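Can you read through this structure? Questions will come right after.
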Protein chains: 2
Amino acid sequence: MLQIGKIVKLTVKDVRFPTSLGQHGSDAMHTDPDYSVAYVVIETDGGMKGYGLTFTVGRGTEVVVCAVKALSGFVVGKTLEEIVGDFRGFYRLLTSDGQMRWIGPEKGVIQLATAAVLNAVWDLWARAEGKSPEQLVSCIDFRYITDALTEQEALVKGKKNREQMLKEGYPAYTTSFSTPHLPPWLWSYTDTILVGLWVKHMTIVFIQCLALLCVHVKLCTDALASGWSRFKVKVGAELEDDERRCRLIRQMIGPDKTLMMDANQRWDVGEAISWVTSLAPFRPLWIEEPTSPDDILGHATISKALAPLGIGVASGEQCHNRVMFKQFLQASALQFVQIDSCRLGSVNENLSVLLMAHKFQVPVCPHAGGVGLCELVQHLILFDYISVSADLNNRMCEYVDHLHEHFTSPVVIRNAHYLPPKDPGYSCEMLESSVETHQFPGGVVWANLLAKAPE
Amino acid sequence: MLQIGKIVKLTVKDVRFPTSLGQHGSDAMHTDPDYSVAYVVIETDGGMKGYGLTFTVGRGTEVVVCAVKALSGFVVGKTLEEIVGDFRGFYRLLTSDGQMRWIGPEKGVIQLATAAVLNAVWDLWARAEGKSPEQLVSCIDFRYITDALTEQEALVKGKKNREQMLKEGYPAYTTSFSTPHLPPWLWSYTDTILVGLWVKHMTIVFIQCLALLCVHVKLCTDALASGWSRFKVKVGAELEDDERRCRLIRQMIGPDKTLMMDANQRWDVGEAISWVTSLAPFRPLWIEEPTSPDDILGHATISKALAPLGIGVASGEQCHNRVMFKQFLQASALQFVQIDSCRLGSVNENLSVLLMAHKFQVPVCPHAGGVGLCELVQHLILFDYISVSADLNNRMCEYVDHLHEHFTSPVVIRNAHYLPPKDPGYSCEMLESSVETHQFPGGVVWANLLAKAPE
């Protein structure tokens, strides 16, 4: 490894994009998100930089920023060699500090902040050199998960599928921006009329329906044209609307393409089962986040009820640590594990989840979208394929075509696949101009918006 | 209800007590706590005040303070009548804001902040008037728990045991400050010598052993003299030390008094079972927090393994919301439910847990100690007895004699029982002088300490 000196500075910024103005990315529970990041830059005395972030959706980002500042004392003053030389110990230093762990432990704001800080450390490390599997396992804190996975079990061998990935990339799916909060006029057409139109004027209606169904027409038409074959739709606000929308989407994409549904935690357990049963005719591969992200036993009940219908349960974007994922796997509560690069404690904790999922033979289909989530998680899912699972069956990584233009090395999607990133690092360096203009509340974008806001 | 006008102001302060200097309250995982609070005062335009707090242990309190500020916009500008007129809706406004819930949801920093804010609202309400059971149930957000408890089931009738409580009070137990980090010289006596001394010089050794075992001699001798019959000891750092200490304590308190053990999340699942099995001869009523507070299935495994030994499992002080408690109950993972007045979303969420525990017939033994936790939780456990459980079997409320002098209405303990509080409100108003001198980092206590600290 390069001797890159001591980390002498950590800065963190509250960067927000006013996405709520266009209702981009809204869902049944998050109705007006302003996609945001707590953006971290660490700097060595040799002038080398590492970039990290965690994703948020507007208000509250300042709380995560405050938590990052509270953690910065653990990073500044250390060399990269000290950190990665005992990365498990360093991880535990951040997550198990005798005072700070009280406000978690390992969950919520403080874990989001841990992710942002450690993502920057991983970026710095990745810029400095490559890593071996043994080193990777030594980054994992196995505390509380040894009943499910031991360190010995974790030392899996690399499967050498690099070449395939370089050539084809990792399969992706696209999440449509169609929200469950569409204007009521949209649904004034009856199903019969729509189906009738469908038969009569296929091409026109194809485009019209897409225009109606997707807040972003361009996104969807581009998606189909670009070879996408897996689509996710948001559900959970109104059953009748969901039925109409899902029927139409299934008709449009045809019987062979894959449809997933996402409820964003909208339901109680019994409600989830009956609601999804009503949507079963549209053959979703999975229902995502049917209820509270904390409800392991609830997810297990839902999984059991939906299994005869051929519908799996997916969750993870708000699953707060490895101990929760362990139980979801132990309880057969998930059929699809959705890791998140910014909710869990960076690469370290995600590695433990990838390895547990592999042991329990549950496919990993990462959560992405947001700001920078695609950029980060592509590294994790490529590692999963090359070094852990070597399997693509029922596996795919979420993709949303949104806000990538703010990154110095944005993801590259070709034919609905993530192409392996080529630049060194963890791909979450943002353009300086994007950071400056979107800082909250002082950047010019927000200064202008706030000046216009009513008192 | 009194018309008390509009809430026009919310202030929050970071108040810390330098308890780490004396290692007060330390345990196997929190080795140097500075007992602290995020202290909230709300004020109406009529000049009436409500006081609330959440407990923390030092570093990170500033993050909770930041989160309280982020929530303050939901409170300021509303009347008490608007809030309590739809308290379930107000609860959900705080916990399910479309942007802020991302940094929880309902867990960690943001839920601690919710507790502090709502505790102040409850204090204001309690100062204004009394409440009926129907009103109380309307404060609960049943989202995600209807598979375990419905609103109809929650409408239990008051059991009218007020008179008994007014006379005798609610039974308490005391947590010794004996930490698992005692100086090694303490253990240079062999067990044989100690037992020999015990037989020969009962009174002297009784006091000597207490002096050795408890960092606070006065606390323990006072406790025994004051009629305490239930004791909790911290374990989990070194098995041999734990065995020595538990043997001695059991000898000192005799076979009939109750001993509990607290591991503060130190172990993995298998380790917990074997460690506690080694301590079984000392007949603990429960082992508290044997592993991660998130590990429902782990606690269930431990419960099952320890049941034949007559040892229950207790947890809850870091159980972050009602959805987690629901599962702990559904999985028979806890035999003692330890609610916390500042970790859960105030009275609202604690009510749902009290009602679920009652339905599952698991006794509630609240977590207290810290700063202000005793003052707050006494209200909840009295309500539990008078209006829900009407049962004292295997029920008791934690008590630590520490930092009560900073409150305007400190708890009153008589003959090891909590006497019902008499002053109006939720008992968490602090002395102005205590708040001023202990504010971090500017108060005189911290200004002096920080001036002396090495660079």
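The values are calculated or read from the model by the stated rules, or taken from the named source; none is laboratory data. None of the values given here were measured: they were computed from a predicted structure. Note: ideal-geometry Cβ built from the backbone for every residue, glycine included; neighbour counts use all protein chains shown. These accessible areas exclude ligands, DNA and RNA; they are computed on the full protein's heavy atoms, side chains included. Shrake-Rupley method; radii C 1.70, N 1.55, O 1.52, S 1.80 Å.
Show the residue pairs that are 6+ apart or on different chains and have beta-carbon atoms under 6 Å apart, the first residue being within region B:311-327 and closer than 13 Å to B:A357 by Cα and within 10 Å of another protein chain (Cβ to nearest Cβ), the second being buried (at least 24 other Cβ atoms within 10 Å of the Cβ) and of a type in the set (D, E).
Sorted first by the residue in region B:311-327, then by its partner, the pairs are B:R322/B:E349; B:V323/A:D294; B:V323/A:D295; B:M324/A:D294.
For the list (1) more than 12 Å from chain B (Cβ to nearest Cβ); (2) small (G, A, S); (3) under 18 Å from A:L112 (Cβ atoms), I need the number of the one condition that A:G47 fails.
(3)
Tell me, please, whether a residue that is out of contact with any Cys (no Cβ under 6 Å at 6 or more places or on another chain), in the same structural domain as A:F336 (by TED's automatic domain parsing), under 23 Å from B:A331 (Cα atoms) and of a type in the set (K, R) can be found in region A:253-260.
No: zero hits.
Looking for something more than 14 Å from chain A (Cβ to nearest Cβ) and free of Cβ contacts under 8 Å to residues at least 40 places away in the same chain - is there at least one such residue anywhere in region B:93-112?
No, that holds for no residue.
On to the next question. Looking at region A:250-269 only, could you name the residues that are among the aliphatic types (A, V, I, L, M), buried (at least 22 other Cβ atoms within 10 Å of the Cβ) and either free of Cβ contacts under 8 Å to residues at least 40 places away in the same chain or over 22 Å from A:S26 (Cβ atoms) (or both)?
A:M261, A:V269 - these are the residues of region A:250-269 that are among the aliphatic types (A, V, I, L, M), buried (at least 22 other Cβ atoms within 10 Å of the Cβ) and either free of Cβ contacts under 8 Å to residues at least 40 places away in the same chain or over 22 Å from A:S26 (Cβ atoms) (or both).
Checking A:A272 against (1) surrounded by fewer than 17 Cβ atoms within 10 Å (Cβ to Cβ); (2) in contact with a Ser or Thr (Cβ under 6 Å, 6 or more places away or on another chain), which test does it fail?
Condition (1) is where A:A272 drops out.
Does any residue of region A:82-90 turn out to be in contact (Cβ under 8 Å) with a residue 40 or more places away in the chain, within 12 Å of another protein chain (Cβ to nearest Cβ) and either among the charged types (D, E, K, R) or over 17 Å from A:G369 (Cα atoms) (or both)?
Checking region A:82-90: not a single residue is in contact (Cβ under 8 Å) with a residue 40 or more places away in the chain, within 12 Å of another protein chain (Cβ to nearest Cβ) and either among the charged types (D, E, K, R) or over 17 Å from A:G369 (Cα atoms) (or both).
Here are A:E153, A:E168, A:E240, A:E163: which of them is modelled with pLDDT of 65 or more, within 26 Å of A:P290 (Cβ to Cβ) and surrounded by fewer than 16 Cβ atoms within 10 Å (Cβ to Cβ)?
A:E240
Would you please name the residue that is most open to solvent (accessible area, probe 1.4 Å), looking only at residues in region B:23-38 that are at the interface with chain A (Cβ under 9 Å from one of its Cβ atoms) and touching a helix residue (DSSP H, G or I) at 6+ places or on another chain (Cβ under 8 Å)?
Within region B:23-38, the match that is most open to solvent (accessible area, probe 1.4 Å) is B:D32.
Yes or no: B:H367 in contact with a strand residue (DSSP E or B) (Cβ under 8 Å, 6 or more places away or on another chain) and more than 14 Å from every other protein chain (Cβ to nearest Cβ)?
No, not satisfied.
What number of residues within region B:409-418 are open to solvent by less than 30 Å² (accessible area, probe 1.4 Å) and part of a strand (DSSP E or B)?
Residues flagged as open to solvent by less than 30 Å² (accessible area, probe 1.4 Å) and part of a strand (DSSP E or B) within region B:409-418 amount to 1.
Moving on. Just the residues that are assigned to a loop (DSSP other than H, G, I, E, B) and either within 10 Å of another protein chain (Cβ to nearest Cβ) or surrounded by fewer than 23 Cβ atoms within 10 Å (Cβ to Cβ) (or both), please, taken from region B:288-310.
Residues satisfying the conditions are B:T291, B:S292, B:P293, B:D294, B:D295, B:G310.
Determine whether A:S20 is among the small types (G, A, S), open to solvent by 10 Å² or more (accessible area, probe 1.4 Å), touching a Ser or Thr at 6+ places or on another chain (Cβ under 8 Å) and within 14 Å of chain B (Cβ to nearest Cβ).
yes
Among helices (runs of 4 or more DSSP H) lying entirely in region B:316-408, which contain 3 or more residues that are over 14 Å from the mean Cα position of the chain (by Cα)?
B:322-330, B:346-359
Out of everything in region A:423-440 that is without any contact (Cβ under 8 Å) to a residue 12 or more places away in the chain and over 17 Å from A:G52 (Cβ atoms), what residue ends up being most open to solvent (accessible area, probe 1.4 Å)?
Restricting to residues being without any contact (Cβ under 8 Å) to a residue 12 or more places away in the chain and over 17 Å from A:G52 (Cβ atoms), the top hit is A:E436.
Let me ask something else about it. Determine which single condition B:K257 fails, assuming it passes every other condition in (1) at pLDDT 95 or above; (2) more than 9 Å from every other protein chain (Cβ to nearest Cβ).
The failed condition is (1).
Table: residues versus (1) more than 29 Å from A:K234 (Cα to Cα); (2) among the hydrophobic types (A, V, I, L, M, F, W, C).
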{"position": "A:G370", "(1), (2)": "no, no"}
{"position": "A:L373", "(1), (2)": "no, yes"}
{"position": "A:S387", "(1), (2)": "yes, no"}
{"position": "A:D391", "(1), (2)": "no, no"}
{"position": "A:H402", "(1), (2)": "no, no"}
{"position": "A:F407", "(1), (2)": "no, yes"}
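Is it the case that B:S315 is within 18 Å of A:M324 (Cα to Cα), in the same structural domain as B:V276 (by TED's automatic domain parsing) and at pLDDT 95 or above?
yes
On to the next question. State which residue is farthest from A:V117 (Cα to Cα) when the search covers only region A:441-455 and only residues that are touching a residue at least 12 places away in the same chain (Cβ under 8 Å) and of a type in the set (A, V, I, L, M).
Per the stated criteria, the residue is A:L449.
Name the residue that is surrounded by the most Cβ atoms within 10 Å (Cβ to Cβ), counting only residues in region B:50-100 that are within 25 Å of the chain's Cα centre (by Cα) and aromatic (F, W, Y).
Step by step, filter region B:50-100, then rank; the result is B:F55.
Let me ask another. Quick check on my filter: what residues within region A:88-107 are out of contact with any Leu (no Cβ under 9 Å at 6 or more places or on another chain) and either among the hydrophobic types (A, V, I, L, M, F, W, C) or in a helix (DSSP H, G or I) (or both)?
Passing the criteria: A:R88, A:G89, A:R92, A:L93, A:T95, A:R101.
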